Amino acid sequence: MNREVVSVAMNHLDRYLGLYSESEDKDLWLLPMTCLYLSIKLYEYNHLLFPGCKSSMDTLLKLSRGCFKIEEMEKMELDILQRLQWHVHPPTAQVFLNHFLIFLSAEDHELMDLHDLSQFMIELSVMDYFFVLYKPSEVAIAALLLAMHYLGHNTAMHHSFQFTSQYFDVDSPSVLACREQLSLLYMQAVEPSPPEI
């Protein structure tokens, strides 16, 4: 699946919950599953199909193990679309990352390594509520700068990026906060777990 699907689904979920009234009774199992389904419909060209399933929705219903029915999912999808006022194509950190990589002059293999590590860090950010308060562009810049640091890319590449980044501040408090949190998440992700006793 397209790696952007999860980011978009989480964006839909976070924005929906931001409009959510505590007095409303919502199925908080159905909501994330429907957000994922909506994101798949929008960003994935191939259907997510299990053997014996006719559609992506049918597959997700099977994954839910009978917790809800197709009618409930369709009703929730309509509710999400109406609450989000059909704004279902949010800018994601992945989109910004691809644009920021254009500013760098480097070998193709270096750019691929930077993209892969930055992409991994962006995927880590989706799992941490900390990043809800930050713009996708700030998360993308932080991930890219951190990837440059961890891959040990030369300072000339870093300076060329800063020189061409006249439209955003790579040293802003927001970007620095994102870098710090991403660094912690990355270290936790790559650190070997202690052996079981």
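The values are calculated or read from the model by the stated rules, or taken from the named source; none is laboratory data. Predicted model only: the values in this text are computed from it and were never measured. Heads up, the Cβs are rebuilt from the backbone with ideal geometry, glycines too, and the neighbour counts pull from every protein chain shown. We work out accessible area using only protein heavy atoms, side chains counted, and drop any ligands, DNA or RNA first. Shrake-Rupley method; radii C 1.70, N 1.55, O 1.52, S 1.80 Å.
Any idea which residue in the range 84-104 is farthest from residue 19 (Cα to Cα), counting only those that are in a helix (DSSP H, G or I) and open to solvent by less than 50 Å² (accessible area, probe 1.4 Å)?
Here the answer is 101.
Out of all the residues in the range 27-62, which are under 20 Å from residue 92 (Cβ atoms) and of a type in the set (D, E, K, R)?
41, 44, listed by residue number.
For the structure I just gave you, tell me whether residue 139 is under 22 Å from residue 11 (Cβ atoms) and at pLDDT 95 or above.
Details: under 22 Å from residue 11 (Cβ atoms): yes; at pLDDT 95 or above: yes.
Criteria met by residue 139.
How about the range 105-136: which of its residues are surrounded by 18 or more Cβ atoms within 10 Å (Cβ to Cβ) and more than 24 Å from residue 188 (Cβ to Cβ)?
Passing the criteria: only 106.
Out of (1) out of contact with any helix residue (DSSP H, G or I) (no Cβ under 8 Å at 6 or more places or on another chain); (2) at pLDDT 90 or above; (3) under 30 Å from residue 152 (Cα atoms), the odd one out for residue 108 is which?
The number of the failed condition is (2).
Could you grab the pairs with beta carbons closer than 7 Å, sequence gap of 6+ or different chains, first residue in the range 1-17 and closer than 19 Å to residue 133 by Cβ and in contact (Cβ under 8 Å) with a residue 60 or more places away in the chain, second one surrounded by fewer than 22 Cβ atoms within 10 Å (Cβ to Cβ) and of a type in the set (Phe, Trp, Tyr)?
8/43
Quickly run through the range 111-134 and pick out the residues that are more than 23 Å from residue 36 (Cβ to Cβ) and charged (D, E, K, R).
Scanning the range 111-134 gives 113, 116.
For the range 7-83, which helices (runs of 4 or more DSSP H) that fit wholly inside it have 1 or more residues that are at pLDDT below 85 and surrounded by 15 or more Cβ atoms within 10 Å (Cβ to Cβ)?
Because the criterion is at least 1 residues that are at pLDDT below 85 and surrounded by 15 or more Cβ atoms within 10 Å (Cβ to Cβ), the helices (runs of 4 or more DSSP H) in the range 7-83 that meet it are 56-63.
Test residue 158 against the criterion of being surrounded by fewer than 19 Cβ atoms within 10 Å (Cβ to Cβ), part of a helix (DSSP H, G or I) and modelled with pLDDT under 95, and give yes or no.
Against the criterion (surrounded by fewer than 19 Cβ atoms within 10 Å (Cβ to Cβ), part of a helix (DSSP H, G or I) and modelled with pLDDT under 95), residue 158 qualifies.
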